[in-house]
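Every read-out reported here was derived from the displayed coordinates using simple, explicitly stated rules and does not represent laboratory data. Predicted model only: the values in this text are computed from it and were never measured. FYI the Cβ positions are ideal-geometry reconstructions off the backbone, even for glycines, and counts take in every protein chain you see.
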Amino acid sequence: MNITNNNNPTHKPLRTMKKSLLYLSAFLLALSTFVNCSVKDVVDDLSDTQKALDCARLIEDIDEKWDREDRDCDDIKSDVAKILDTCNDFISEEQKSQLEFYAANCDTTN
């Protein structure tokens with residue numbers, strides 16, 4: 001004997017609950033994707049900011065080395081090469097020209 005109850009109210013809420021769970025899952029997936037992308041952008045921006053600050057410090061250091069009476073030209077030329085190599089995206093054309101001037105005109109009698 002097969003008893004069916006077509007008036008069972010549990011079928012409709014179960015479907016609604018499954019549908020709600022599906023929408024919630026899709027929303028959470030979209031939200032986590034958005035947050036991960038935003039976090040990556042922020043981390044990249046912070047990394048670029050740190051690199052720019054490091055380059056500014058290197059330029060300050062080389063300016064101080066240039067102004068010393070007992071300057072080490074080999075050290076200055078090495079620093080110039082390093083700065084031009086690693087900081088190219090973070091320094092201005094004027095700074096690049098100044099660094100190239102330091103490398104080309106460095107001698108211990110200046």
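List of remarks:
- Residues of region 58-86 that turn out to be touching a helix residue (DSSP H, G or I) at 6+ places or on another chain (Cβ under 9 Å) and of a type in the set (Ser, Thr, Tyr), as a count: 1
- Of all residues in region 76-101, those that are under 10 Å from ILE62 (Cα atoms) have Cβ atoms under 7 Å from Cβ atoms of residues that are part of a loop (DSSP other than H, G, I, E, B), 6 or more apart or on another chain, in ILE76/CYS106; LYS77/CYS106.
- Residues (under 26 Å from ALA104 (Cβ atoms) and surrounded by fewer than 11 Cβ atoms within 10 Å (Cβ to Cβ)) located in region 39-67: ARG57, GLU60, GLU64, ASP67
- Matching residues, region 79-96, being among the β-branched types (Val, Ile, Thr) and either closer than 15 Å to TRP66 by Cα or in a helix (DSSP H, G or I) (or both): VAL80, ILE83, THR86
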